[in-house]
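What follows is a single structure, written as structure tokens, with notes after it.
The values are calculated or read from the model by the stated rules, or taken from the named source; none is laboratory data. Being a predicted model, the structure only gives us computed values, none of them experimental. Methodologically, a virtual Cβ is constructed for each residue, glycine included, from the backbone with ideal geometry; neighbour enumeration extends over all protein chains shown.
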Amino acid sequence: MLSSKACDVTGIVAIACARHGCFAPNSLTNLTHGERQVNIDWALLKALETTNMQGIKQMMIIYDIVCQYFIKLRERIGEYLPMELAIEKAIGLMHVHGHQLDCFFRYAPSFIPGAGVVAGEILESLWANLNAISPSTRTATLAHRAEILDDHMNDSNFKKLLSMSDALCVRLRKALTMRDTSTEYFRKLAAGISEEDKVLWEIAIEAAEHSRIHDCKVMDIMKASITDIKNAQGESGNMTELRAGASTHDDISPEEGYIILGIQIEEKQ
């Protein structure tokens, strides 16, 4: 599409609510020369105008390449952003694994307080629904194309509004079931950790979470390495050998063994 001289538009970009999946009004923007930052900036500013942001002091933006997009965001559009607005940055859980390892701990929604359980990939499913109308929009006039997209996006928002209560009830039941499972798993995992380490880790994590909005690099403390693990074991005089996730010492639980083994495998890839 980029090499074609017969196309007025090479694509579209839009903003949608990561929680509810509704398109933000007036945020749909045409792309004419690839996914340029100026197009994304325009869509973001229009979304902020139309989504009742008055009085909101903090927001989170989930974008596939947010690690690059935010480098000079304030220089580009800072004069149009509310001074008191703090922006949290995130990458969807599908795309973040295609980035460097550092991006996972810095930008995955799983590590952001207040993000909840969100994949951050809602636009992928929304694009899938709109793909069916793409043959019509390719040959439509510019005005007709805009009307087609508006109609289908408004229809998508309306359907989500109607089915939201049923969807939330289903998710609540699943969440209650998984809460018990996750709590039990966490209890077993924490049983093999000393109280002193728990306190130190909680303090370090809370400090990082508090300051991450200003500098995401503080989340690098979540990244364990084999060197760190071996050093910690060596200092305590307890070097262990892991085989298929099982420990040769009783003070390392099977859960901990699997985690350490997984880290070893990942670093060798």
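Looking at (1) farther than 30 Å from R74 by Cβ; (2) of a type outside the set (K, R); (3) surrounded by 12 or more Cβ atoms within 10 Å (Cβ to Cβ), which one does E184 not meet, given that it meets all the others? If we test E184 against (1) farther than 30 Å from R74 by Cβ; (2) of a type outside the set (K, R); (3) surrounded by 12 or more Cβ atoms within 10 Å (Cβ to Cβ), just (3) comes out false. Where helices (runs of 4 or more DSSP H) fall wholly inside region 29-107, the ranges with 2 or more residues that are among the polar types (S, T, N, Q) and either on the phi > 0 side of the Ramachandran plot or surrounded by fewer than 18 Cβ atoms within 10 Å (Cβ to Cβ) (or both) are 37-50.
In the set D8, D41, which member is at pLDDT below 90 and touching a helix residue (DSSP H, G or I) at 6+ places or on another chain (Cβ under 7 Å)?
D8
One residue alone among K159, K174 is of a type in the set (K, R), assigned by TED's automatic domain parsing to the domain that holds A16 and assigned to a helix (DSSP H, G or I), and that residue is K159.
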